[in-house]
Amino acid sequence: MEQSDLIVRRIKDGTVIDHINEGKGLKVLEALEIDGSRGNVSLPNQIEQIFRCSNPDCITNSQEHIESTMEVMDKENLVLKCRYCGRVLDVDDLRYQKKN
């Protein structure tokens, strides 16, 4: 490894936050008062491998080791639907996907 590979370059505008413990990312956003209301945080059309489906019979909760994929049905009202079983998820009850 060359010396230049070890240099962390300064960013022009912004802040770098590194080494956030699993499941604490939303708390960091809350502490920084980032809620998306200013238009600078936008949900994607799908969210992969972050949340687990609340349906115990969903294949993502089986021994098959299939990663969850949630379709974002309504970005404004935060409506998510499991791609595999079709269950609409209540965002107040979302659980994080366990890492293997």
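In segment 51-70, how many are within 13 Å of Leu89 (Cα to Cα), part of a loop (DSSP other than H, G, I, E, B) and within 18 Å of the chain's Cα centre (by Cα)? Write out each step before concluding.
Restricting attention to segment 51-70, the residues satisfying the condition of being within 13 Å of Leu89 (Cα to Cα) are 51-56, 58, 68-70.
Pick out the ones that are also part of a loop (DSSP other than H, G, I, E, B) and you get 53-56, 58, 68.
Of the ones still in play, those that are also within 18 Å of the chain's Cα centre (by Cα) are 53-54, 68.
Count: 3.
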Can you name every residue in segment 51-93 that is polar (S, T, N, Q), without any contact (Cβ under 8 Å) to a residue 40 or more places away in the chain and in contact with a strand residue (DSSP E or B) (Cβ under 9 Å, 6 or more places away or on another chain)? Asn55, Thr60, Asn61, Ser68, Thr69
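Restricting attention to segment 71-100, which residues are basic (Lys, Arg), in a strand (DSSP E or B) and over 20 Å from Glu22 (Cβ atoms)?
Across segment 71-100, the qualifying residue is only Lys81.
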Residue list for segment 22-50, restricted to those being in a strand (DSSP E or B), of a type outside the set (A, V, I, L, M) and either under 18 Å from Asp93 (Cβ atoms) or touching a residue at least 40 places away in the same chain (Cβ under 8 Å) (or both): none
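Every number here is computed from the coordinates shown, using simple stated rules; none is lab data. Please read these numbers as outputs of a predicted model, since none were measured by experiment. Please note: Cβ atoms are built from the backbone with ideal geometry, for glycine as well, and neighbour counts cover all protein chains shown.
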